[in-house]
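All remarks here apply to the structure that follows.
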Amino acid sequence: MDGADRLQDLLSYERGFWSRGFSHIAGVDEAGRGPLAGPVVAAAVVLPPGAMIPGATDSKVLKPDHRDELCREIMTRARCVAAGAASVREIDRLNILVATRLAMARALGALRVLPEHVVVDGLPVKDLGWDHQAVVGGDGSVHSIACASIVAKVLRDRLMRRLARRYPGYGWETNVGYGTRAHVEALRRLGPTPHHRLTFNGVQLDLGLG
């Protein structure tokens, strides 16, 4: 399968709906469920019928510079892109699964067009507030979800790099809040910031609470 055929294959999910007259297919994905610090961010992307973003795939397998380039192209070529987030307070108060649902619902609610169909990465999202289909591994197999995964990852990483300037020493400019050895050692040395998830085991253990 050559590159063009592979891209067409990645669009097979959307083509099934476009061929039936659905124009607004919203792919949804999140970034930041696992870190020790920072919000969870979701993105919703609606592509014009037939639109392809060459190179767009699961954001986790892309290098940062390539993700940034693809994010710019997605923002330019998509019919609509929106993002939503759930704060650290919401994560600690509600749990990460509920907070992720909130972020996704906020992203969908911020779209300028009303989705005719919503597809999310992973398992069905209980009480999302939108009828949707879930595709396990969708960030690597459904083009609009792949685009959403890139946007969510890029926006969240940018936020964490900005926060790194306000809270130096934790390495957020590179680990973007994930529990690397340097981040964990900084937690032990410096203590938590207002952006740390106090209910997460990695943070609790380093505070002597676990």
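Rank these for me by crowding, His183, His117, going from fewest to most other beta carbons within 10 Å. Before the final figure, lay out each step's value.
On the way: His183 24, His117 21.
Lowest count first: His117, His183.
Once you order the gyration tensor axes a ≥ b ≥ c over the Cα atoms, which shape class does the range 60-167 get: rounded for a/c under 1.5, otherwise prolate or oblate by comparing a/b with b/c?
In terms of gyration-tensor shape, oblate.
Pick out which of Gly177, Gly137, Gly84 has the largest mean-square fluctuation in a Gaussian network model of the chain, springs linking Cα atoms closer than 10 Å.
Top of the fluctuation ranking is Gly137.
Over the chain, what is the mean sequence separation of C-alpha contacts under 8 Å (at least six apart), divided by residue count, expressed as relative contact order in percent?
Relative contact order, the chain: 28 percent.
Whole Å is fine, so just give me how far the alpha carbon centre of the range 25-51 lies from that of the range 137-210.
16
Which one of Val98, Val28, Val46 has the biggest mean-square fluctuation once the chain is modelled by GNM with Cα springs under 10 Å?
Answer for the Gaussian network model of the chain: Val98.
Could you work out the helix-only [θ] at 222 nm for the chain, with each DSSP H run of four or more residues adding -39,500 (n - 2.57) and the total divided by the number of residues, to the nearest 500 deg cm²/dmol?
-13500 deg cm²/dmol
If one takes the longest principal axis of the Cα atoms in the chain, at what angle in degrees, from 0 to 90 and to the nearest 10, does the Cα axis of helix 181-190 lie?
Taking the Cα atoms of the chain, the angle to 181-190 is about 40 degrees.
No solvent, one uniform scatterer per C-alpha: report log10 I(q)/I(0) for the chain via the Debye equation at q = 0.14, 0.15, 0.17 1/Å, two decimals.
The calculated log intensity ratios at q = 0.14, 0.15, 0.17 Å⁻¹ are -0.80, -0.89, -1.08.
Measuring from label point to label point, each 7 Å out along Cα→Cβ, what is the Ala134 to Arg15 span in nm?
2.8
For the modelled label position 7 Å from the Cα of Leu94 along Cα-to-Cβ, which residues of the range 122-143 have backbone nitrogen atoms closer than 16 Å?
125-130
Based on the alpha-carbon gyration tensor of the range 15-119 and its eigenvalue square roots a ≥ b ≥ c, which shape applies: rounded if a/c is under 1.5, prolate if not and a/b is larger than b/c, or oblate?
oblate
I want the local charge near Val136. Using Cβ-Cβ distances under 13 Å, sum +1 for each Lys or Arg and -1 for each Asp or Glu among the other residues. Don't skip to the answer; put the middle values down first.
On the way: positive: none; negative: Asp29, Asp58, Asp121, Asp139.
So the environment of Val136 carries a net charge of -4.
With labels modelled as points extended 7 Å from the Cα through the Cβ direction, what inter-label distance (nm, one decimal) is found for Val61 paired with Lys126?
3.1
Where a number appears in this text, it was derived from the coordinates with a stated rule and is not lab data. Everything numeric here is computed off the predicted structure, so don't read it as measured data. Note that we place each Cβ from the backbone using ideal geometry, even for glycine, and neighbour counts take in every protein chain shown.
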